[in-house]
Amino acid sequence: MPATPRILTTHLIAAATLCLAQLLAASHAHAQDPLRHLTGTVTDPHREPLAGAVVQLHDDSTDAVTSYITDRTGRYRFFRVSPEDDFHLWATFRDHKSRSKSISKFDSKPDRTIRLIIKLN
């Protein structure tokens, strides 16, 4: 028994709706950036920015180290950092070093702002 045009139309609308829903879900998942961004400043204890300090980000799982040299306001930034790994972050300036800060994969914050302090005396 052949299908009636009304049944075919209903099936086509249902299939088109399902395809559209899948496309929207895929584009929404792609639009979300699962990677985190780390930014901050390097200062002395009196909050004076340290331009030219070297900030290093160590990935504990791969042992890779990424470096960034602070700008004139002491700012640094690391974009698109994996949220699935643990990291250590520290800065050096003229043979002085800040304390190392840990960034855990269990920290659910997508972005972090971390101030690193270097004692110069």
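Key figures
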read-out	value
Single residue of region 91-121 satisfying the filter (hydroxyl-bearing (Ser, Thr, Tyr) and more than 16 Å from Val55 (Cβ to Cβ)) that is nearest to the chain's Cα centre (by Cα)	Ser108
Residues of region 38-95 that turn out to be free of Cβ contacts under 8 Å to residues at least 24 places away in the same chain and of a type in the set (A, V, I, L, M), as a count	4
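Just so you know, all these numbers are worked out from the coordinates, no wet-lab data involved. Note that the structure is predicted; figures quoted are calculated from it, not measured. Positions of Cβ are generated from backbone atoms using ideal geometry, with glycine treated the same way; all protein chains shown enter the neighbour counts.
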